[in-house]
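J.: Dumping the structure here so I can ask a few things about it.
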Amino acid sequence: MPNINAPKQSLNTLIIVIGAGLLLYDFIAKPSEIYFKIAGLVILMFGLYKSTQQWTSDNKSENNTEDSSEEESENDNTNHK
């Protein structure tokens, strides 16, 4: 079971929601400023980037243990022959 960092994931989710909220506000309210679209996209992309970094770091230890156990079983099979 991977070690999940819940506070960081919650922060990344909040950033994504804020970015999506700005984009939705721009579509619903139709303001004359394009800065809401730009800010919404930048914040949304930043949140997605940070969350994917967090997901890969949370799952890194699980992948390494699977790879090492496969290598150990292969080494054991070759040593017993």
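J.: Test of understanding: among 61, 51, which residue is out of contact with any Phe, Trp or Tyr (no Cβ under 8 Å at 6 or more places or on another chain), surrounded by 10 or more Cβ atoms within 10 Å (Cβ to Cβ) and modelled with pLDDT under 85? Break it down stepwise before answering.
T.: Working: 51 fails: modelled with pLDDT under 85.
Result: 61 is the single residue among 61, 51 that is out of contact with any Phe, Trp or Tyr (no Cβ under 8 Å at 6 or more places or on another chain), surrounded by 10 or more Cβ atoms within 10 Å (Cβ to Cβ) and modelled with pLDDT under 85.
J.: A further question follows. If residue 2 satisfies all but one of (1) at pLDDT below 90; (2) in a helix (DSSP H, G or I); (3) in contact with a Lys or Arg (Cβ under 9 Å, 6 or more places away or on another chain), what's the number of the condition it fails?
T.: Answer for residue 2: the failing condition is (2).
The values are calculated or read from the model by the stated rules, or taken from the named source; none is laboratory data. Note that the coordinates shown come from a computational prediction; the quantities given were computed from them, not determined experimentally. Backbone-built Cβ (ideal geometry, glycine too); neighbour counts: all protein chains shown.
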